[in-house]
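Here the structure comes first, spelled out in structure tokens, and everything after it is commentary.
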Amino acid sequence: MIKNTVKELLISGQILQEVVLKGWVRTFRSNRFIALNDGSTIHNIQCVIDFENTSEETLKRITTGAAVCVKGTLLESQGKGQSLELQVLEIEILGDSNPDEYPIQPKKHSFEFLRENAHLRIRTNTFSAVMRVRSKLSFAVHKYFQDNGFNYVNTPIVTGSDAEGAGEMFRVTSFEDNKAPVTEDGKIDYTKDFFGKETNLTVSGQLEAEAYAMALGKVYTFGPTFRAENSNTTRHLAEFWMIEPEVAFMDLDGNMDLAEDFIKSVLTYVLEHCKDDLAFLDERFVQEEKAKPQLQRSEMSLLEKLKFVADNNFKRVSYTEAIDILRNSKPNKKKKFQYPINAWGADLQSEHERFLVEKHFKCPVILFDYPADIKAFYMRLNEDGKTVRAMDVLFPGIGEMVGGAQREERYDVLIAKMKAMHIDEKELWWYLDLRKFGTAVHSGFGLGFERLVQFTTGMGNIRDVIPFPRTPQNADF
Ligand code: 4AD
Ligand code: MG
């Protein structure tokens, strides 16, 4: 007996004897035709039951969601809609699924409903396609860096430092409720805590990745990061996966080249290796767009968007140029922006980023040389003394996909900056050491993996591209 997956069988295109297949029933109609799916592909395989030789009791137990094992022969299909079908000689019910209770019916469910059933939603076409693409994308990420001489570094999840300085961290403690020891001035005494200091879940692996880049040359991280920001948007998660390359002897131009090449490469990889899933998601995307008002509709299909990004240059624009464009833009003059752009120095909101990308340039944009005041402490100060070598990659429909910078490698400049921004020098003594011993130009960036999956799959909400999303007021499953 050959044990197979639906994917292998459908690809084989052959007539095969003695096939054994295990999967879940998607639908069962006319007491005869099972649409069986085992997760290996978006496609179901049609299994034809010999109902005269199958007991009444077994037929009743073939319900949507049930796990079954079928044995039979793979033949050319007699019916329409598929080229091959399995003529079943023997069926075994491995696990029943009560049709009155099973939440995933063969009909369209809302994404809200499916989020409440995140443990079962992967059994729908949309979610299985998204999660297979997600898996291939993460492989493509590793492949890109490994093929290009980068070392994969696992940076700590528990840390004492706040890399972004935004204070949006989840505390890690082993103190019991109401039993935390306090110091003389009434504050919690973390010297008595598990790690002997205040610790939190990391917001970024960058600072540690820098240490590794200054020895291994080219490194990348790919791991979970945590942000306790109360952002209830379609682009924010409290727990998300970030990819952070860091490269010694590379300046900001090299950083922009790397980000662009990396994104194009992983998109090209999935276009090649996820054809069926992307074709399904493309169809879904097009239907979804049709339901929107004309003005909000995407001009391109999902596949067209992916190919467009993979094949065209990103536009590189300085923050100062971007501010000029925004200041003179129609929505700014007509006071359509919620946050009007008046002066140089303003932080860009997502409405401004989307205007630049979707209306003005109509392609991904890399903004660089931001005002020092609105960016993190570690970014390299420019000669003008007011801008830093920062870069953000902005994407249509997503906004910020990547945030990165050339790092401040000059000890004196860095320490002055840390003092001005009230960053604890004692906590980051080791980070300063990197500027004392063999310092060099270096750069890197962070890419939010879920935002990349969102763009690639055309899903509107970031909660639908991670298996079990963590967001404010929600950590179920
Ligand atoms: O721009 P951010 O905050 O940059 C950093 O953390 C740097 N230390 C990265 C580096 O230079 N190594 O975050 C990087 C990216 C963002 O561009 C965005 O794509 C994603 O991480 N991101 C989020 N994704 C989902 N949910 C959130 N709450 C996110 N916050 C940031
Ligand atoms: Mg950022």
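For the range 327-358, which residues satisfy the criterion of being open to solvent by less than 60 Å² (accessible area, probe 1.4 Å) and either out of contact with any helix residue (DSSP H, G or I) (no Cβ under 9 Å at 6 or more places or on another chain) or assigned to a helix (DSSP H, G or I) (or both)?
Once the filter is applied, which keeps residues that are open to solvent by less than 60 Å² (accessible area, probe 1.4 Å) and either out of contact with any helix residue (DSSP H, G or I) (no Cβ under 9 Å at 6 or more places or on another chain) or assigned to a helix (DSSP H, G or I) (or both), the range 327-358 yields Pro331, Asn332, Ser350, Glu351, His352, Glu353, Phe355, Leu356, Val357, Glu358.
Of Thr234, Thr191, which residue is farther than 20 Å from Ala140 by Cβ, open to solvent by 50 Å² or more (accessible area, probe 1.4 Å), of a type in the set (S, T, N, Q) and in the same structural domain as Asn312 (by TED's automatic domain parsing)?
The conditions single out Thr234.
Looking at (1) among the hydrophobic types (A, V, I, L, M, F, W, C); (2) away from ligand 2 (no atom under 16 Å from the Cβ); (3) surrounded by 21 or more Cβ atoms within 10 Å (Cβ to Cβ), which is the one condition that is false for Ile415?
Failing condition for Ile415: (3).
Looking at (1) acidic (Asp, Glu); (2) surrounded by fewer than 18 Cβ atoms within 10 Å (Cβ to Cβ); (3) away from ligand 2 (no atom under 16 Å from the Cβ), can you tell me which one Glu260 breaks?
Result: Glu260 fails condition (2) only.
Given the conditions (1) surrounded by 13 or more Cβ atoms within 10 Å (Cβ to Cβ); (2) farther than 20 Å from Ser204 by Cβ; (3) at pLDDT 95 or above, which single one is not true for Glu409?
Looking at each condition in turn, Glu409 falls short on (2).
Going by what's in this entry, would Glu18 be described as farther than 30 Å from Pro103 by Cα, touching a residue at least 40 places away in the same chain (Cβ under 8 Å) and not assigned by TED's automatic domain parsing to the domain that holds Ala279?
So Glu18 passes the test.
Which ranges mark the helices (runs of 4 or more DSSP H) fully within the range 240-326 that have 2 or more residues being over 18 Å from Pro396 (Cα atoms)?
Qualifying helices (runs of 4 or more DSSP H): 252-273, 275-290.
Does any residue in the range 248-271 that is on the phi < 0 side of the Ramachandran plot come within less than 8 Å, Cβ to Cβ, of a residue that is among the basic types (Lys, Arg) and part of a helix (DSSP H, G or I) six or more places away or on a different chain, and which pairs are these?
If the second residue must be among the basic types (Lys, Arg) and part of a helix (DSSP H, G or I), the pairs left are Tyr269/Lys136; Tyr269/Lys143; Val270/Lys136; Leu271/Lys307.
Okay, residues lined up against (1) in contact with a strand residue (DSSP E or B) (Cβ under 7 Å, 6 or more places away or on another chain); (2) farther than 13 Å from Thr456 by Cβ:
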{"residue": "Asn255", "(1), (2)": "yes, yes"}
{"residue": "Asp282", "(1), (2)": "no, no"}
{"residue": "Gln294", "(1), (2)": "no, yes"}
{"residue": "Leu302", "(1), (2)": "no, no"}
{"residue": "Asn312", "(1), (2)": "no, yes"}
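Out of the residues in the range 433-458 that are aliphatic (A, V, I, L, M) and open to solvent by less than 10 Å² (accessible area, probe 1.4 Å), state the one that is farthest from ligand 1 (Cβ to nearest atom).
Val453
Quick one: in the range 156-186, which of the residues that are in contact with a helix residue (DSSP H, G or I) (Cβ under 9 Å, 6 or more places away or on another chain) and within 16 Å of ligand 2 (Cβ to nearest atom) is modelled with the lowest pLDDT?
Of the residues in the range 156-186, the ones in contact with a helix residue (DSSP H, G or I) (Cβ under 9 Å, 6 or more places away or on another chain) are 156, 159, 161, 163-164, 173, 175, 180-181, 183.
In the following step, the residues that additionally are within 16 Å of ligand 2 (Cβ to nearest atom) were identified as 163-164.
Details: Ala163: 80, Glu164: 84.
The residue in question is Ala163.
Which residues, counting only those in the range 381-401, are at positive phi and more than 9 Å from ligand 1 (Cβ to nearest atom)?
First, the residues of the range 381-401 that are at positive phi: 385, 397, 399.
Residues satisfying the conditions are Gly385, Gly397.
For the range 360-381, what are the residues that are closer than 24 Å to Trp429 by Cα, more than 11 Å from ligand 2 (Cβ to nearest atom) and assigned to a loop (DSSP other than H, G, I, E, B)?
Once the filter is applied, which keeps residues that are closer than 24 Å to Trp429 by Cα, more than 11 Å from ligand 2 (Cβ to nearest atom) and assigned to a loop (DSSP other than H, G, I, E, B), the range 360-381 yields Phe377, Tyr378, Arg380.
With respect to Asp384, determine if the residue is surrounded by fewer than 23 Cβ atoms within 10 Å (Cβ to Cβ), within 16 Å of ligand 2 (Cβ to nearest atom) and of a type in the set (Asp, Glu). Spell out how you get there, then give the answer.
Details: surrounded by fewer than 23 Cβ atoms within 10 Å (Cβ to Cβ): yes; within 16 Å of ligand 2 (Cβ to nearest atom): no; of a type in the set (Asp, Glu): yes.
It is false that Asp384 is surrounded by fewer than 23 Cβ atoms within 10 Å (Cβ to Cβ), within 16 Å of ligand 2 (Cβ to nearest atom) and of a type in the set (Asp, Glu).
Consider Gly39 carefully, then state whether it is in contact with a Gly (Cβ under 8 Å, 6 or more places away or on another chain) and surrounded by 15 or more Cβ atoms within 10 Å (Cβ to Cβ). Explain how you work it out, then say what you get.
Numbers: in contact with a Gly (Cβ under 8 Å, 6 or more places away or on another chain): yes; surrounded by 15 or more Cβ atoms within 10 Å (Cβ to Cβ): yes.
Taking the combined requirement at face value, the residue satisfies it.
The values are calculated or read from the model by the stated rules, or taken from the named source; none is laboratory data. Everything numeric in this text was worked out from a predicted model, so none of it was measured. All Cβ positions, glycine included, derive from the backbone under ideal geometry; neighbour counts span all protein chains shown. For the accessible areas, the whole protein counts, side chains as well, though only heavy atoms, and no ligand, DNA or RNA atoms are used. Shrake-Rupley method; radii C 1.70, N 1.55, O 1.52, S 1.80 Å.
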